[in-house]
Amino acid sequence: MKITDVRELLKNKQVIEEINRHLWIESQKAGYSIGIERATDEWLRLYAEGWMKYHMPEKYQSLQLKKKKEAEKGEKKKSGKTGKKRSS
């Protein structure tokens with residue numbers, strides 16, 4: 001997920017509530033506050049994609065299409081097929 005997508009996601013009130021819930025649960029497990037930064041990083045890494053898939057299916061699908069296109073571009077560059085003809 002790109003930083004612009006993360007920023008947009010963090011503007012959602014439900015996401016902030018989920019991160020706070022994650023903060024509370026993980027802090028209870030650890031026996032001390034893990035901190036909002038760690039809780040946010042963990043939630044984004046572990047749960048953001050699944051949350052988006054369920055709560056924002058259109059946005060999730062558009063992100064998946066972007067990922068697929070970027071992966072295809074990377075494969076073309078890796079294999080040397082840029083679509084340009086070589087002159088001899």
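Every number here is computed from the coordinates shown, using simple stated rules; none is lab data. Being a predicted model, the structure only gives us computed values, none of them experimental.
Applying D = kT/(6 pi eta Rh) to the chain, where Rh is the Kirkwood radius over alpha-carbon pairs, T corresponds to 20 °C and eta to 1.002 mPa s, the Stokes-Einstein value obtained is 139 µm²/s. For the pair Ala30 and Ser79, the difference between a 0.36 nm per residue extended length and the Cα-Cα distance amounts to 12.9 nm. If the segment from Arg21 to His55 were pulled out straight at 0.36 nm per residue, it would be longer than the present Cα-Cα gap by 10.6 nm. Maximal additional length on extending the Lys67-Glu8 stretch stands at 19.5 nm, based on 0.36 nm per residue less the C-alpha distance.
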